[in-house]
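Before any comments, here is the structure.
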Amino acid sequence: MVERSTEQRLDTLRASIANLQTQQAQLEAEIADIKIQLKNDPSETVKRHIRLLHEYNEIKDIAQGLMGLIAEARGVRQVDVQREYGVKEQD
């Protein structure tokens with residue numbers, strides 16, 4: 001009787017493993033389909049966004065430096081130069 005119970009548990013576990021393997025295969029197929037639908041690989045998209053943010057920050061730093069030089073040459077505040085060029089505080 002103990003052997004029968006053990007065999008039943010093993011059968012249940014084997015069935016459960018088979019079910020999980022089927023689910024895994026289905027999910028992997030779904031992931032593959034979704035990746036095909038994506039325009040770019042997600043990791044490449046993230047890398048591109050990071051690169052673009054770095055470029056943006058460099059350009060912004062240069063622009064602020066230039067506005068600072070303009071303000072200093074004119075003897076006005078940098079915020080006044082920013083307003084003149086349409087740069088808002090949030091920018």
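The values are calculated or read from the model by the stated rules, or taken from the named source; none is laboratory data. Since the structure is predicted, the reported quantities are computational estimates derived from the model, not experimental observations. Positions of Cβ are backbone-derived with ideal geometry, glycine not excepted, and every protein chain shown enters the neighbour counts. The area values use the complete protein model at the heavy-atom level, side chains included, leaving out ligands, DNA and RNA. Shrake-Rupley method; radii C 1.70, N 1.55, O 1.52, S 1.80 Å.
A few notes on this one:
- Where segment 5-86 is the region considered: accessible area per residue in Å², 1.4 Å probe: 87
- Debye intensity ratio I(q)/I(0), log10, the chain, q values 0.11 Å⁻¹ (C-alpha model): -0.63
- Distance between the 7 Å Cα→Cβ label points at residue 45 and residue 29: 2.4 nm.
- Estimated [θ] at 222 nm from DSSP helical runs (n ≥ 4, -39500 (n - 2.57)) normalised by residues in the chain, nearest 500: -29500 deg cm²/dmol
- Note on the chain: with neighbouring protein chains present and a 1.4 Å probe, carbon and sulfur make up 57 percent of its accessible heavy-atom surface.
- For segment 1-62, the Cβ-based charge dipole about the Cα centre amounts to some 60 debye (Lys, Arg positive; Asp, Glu negative; other atoms uncharged).
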